[in-house]
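Engineer: Shown below is the structure under consideration.
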Amino acid sequence: MRKLFFALALALAAVPAAAQTPATQTPPATAPGAQPPAAAVPASRKFTSDAGMMFSVIKPDKVADFEMVMARIKDALSKSADPARKQMALSWRVFKGLEPAPGGNVVYVWFLDPPIKDADYTVTSILTEAFPTEAQDLWSKYVACFVSGQTMLNLQQLVNMSPTAGIPK
């Protein structure tokens, strides 16, 4: 499965990102405790299917920062009083490609199985809700990690190869 993620990520990294890049999300408010302006959640940060994946190609010298922000997102989800955020944590896994990508870059894959349909997976929202005084700094570190934008896929199961599984309708 990891080789499949890596192969898909390499193929998608060469294509312009169809999804919104991290830099185009609304950055967190800079005032402690302030909330970002209310805006509709971009469709590219909502999963609407059976499963979802997000591919990120990260600069090799920014791996520690990216992983630190992912850890803070995990903290945010676990500390949230919002039941939807807690549910998100149950099905959101982050994988790291073990093989180096071109240029020594590192591929990360978010795998959501199942995603919480129509939930807000916007990183800035998650960080601002949980860590309003840290959100701007975390956002700056996060954005600086990317070689290019993220690529998002909503997935629909075609066939489950398990001999005990049926074929979905």
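Engineer: Quick one: if you stick a label point 7 Å off each Cα along the C-beta vector at K59 and S80, how many nm between them?
Structural biologist: 2.9 nm
Engineer: Would you kindly calculate the translational diffusion coefficient of the stretch 51-149, applying Stokes-Einstein with the Kirkwood radius from alpha carbon pairs, for 10 °C and a viscosity of 1.306 mPa s, and quote it in µm² s⁻¹ without decimals?
Structural biologist: Rounded to a whole number, D works out at 114 µm²/s.
Engineer: Over all alpha-carbon pairs in the stretch 118-169, figure out the percentage whose distance exceeds 14 Å.
Structural biologist: Within the stretch 118-169, distances greater than 14 Å cover 70 percent of Cα pairs.
Engineer: Would you mind giving the three semi-axes, in whole Å and largest first, of the ellipsoid equivalent to the stretch 44-108 according to its Cα gyration tensor?
Structural biologist: Working from the Cα gyration tensor, I get semi-axes of 25, 15, 8 Å.
Engineer: A further question follows. Could you work out how much longer the chain between L98 and M68 gets when fully extended? Use 0.36 nm per residue separation minus the Cα distance between them, nm to one decimal.
Structural biologist: Extra length available between L98 and M68 comes to 9.0 nm.
Engineer: Let me ask you something else. If you take every residue apart from K141 with its C-beta less than 13 Å away from the C-beta of K141, what net charge results, scoring Lys and Arg +1 and Asp and Glu -1?
Structural biologist: Around K141, the surrounding residues sum to -2.
Engineer: Mind listing the phi-derived Karplus ³J(HN,Hα) values for the stretch 78-94, rounded to whole Hz, using 6.51, -1.76 and 1.60 with θ = phi - 60°, and x for any glycine or proline?
Structural biologist: Ordered by residue, 3J(HN,Hα) equals 6, 8, 5, 7, 6, x, 5, 5, 4, 5, 4, 4, 5, 10, 9, 10, 10 Hz.
Engineer: With the convex hull built on the Cα atoms of the stretch 75-130, state its orientation-averaged projected area in nm².
Structural biologist: Working: hull surface 19.1 nm².
Projected area, direction-averaged: 4.8 nm².
Engineer: For the stretch 58-66, just list the computed ³J(HN,Hα) in residue order, Karplus coefficients 6.51, -1.76 and 1.60, θ = phi - 60°, integers in Hz, with x standing in for Gly and Pro.
Structural biologist: 10, 4, x, 7, 10, 4, 4, 5, 4
Engineer: What nm distance separates the two modelled labels at N160 and D118, each placed 7 Å from Cα along Cα→Cβ?
Structural biologist: With each label point 7 Å from Cα toward Cβ, the separation is 2.5 nm.
Read the figures in this text as sums done on the coordinates, not as results from a lab. Just so we're clear, the structure is a prediction, and the values are computed from it rather than from any experiment. Heads up, the Cβs are rebuilt from the backbone with ideal geometry, glycines too, and the neighbour counts pull from every protein chain shown.
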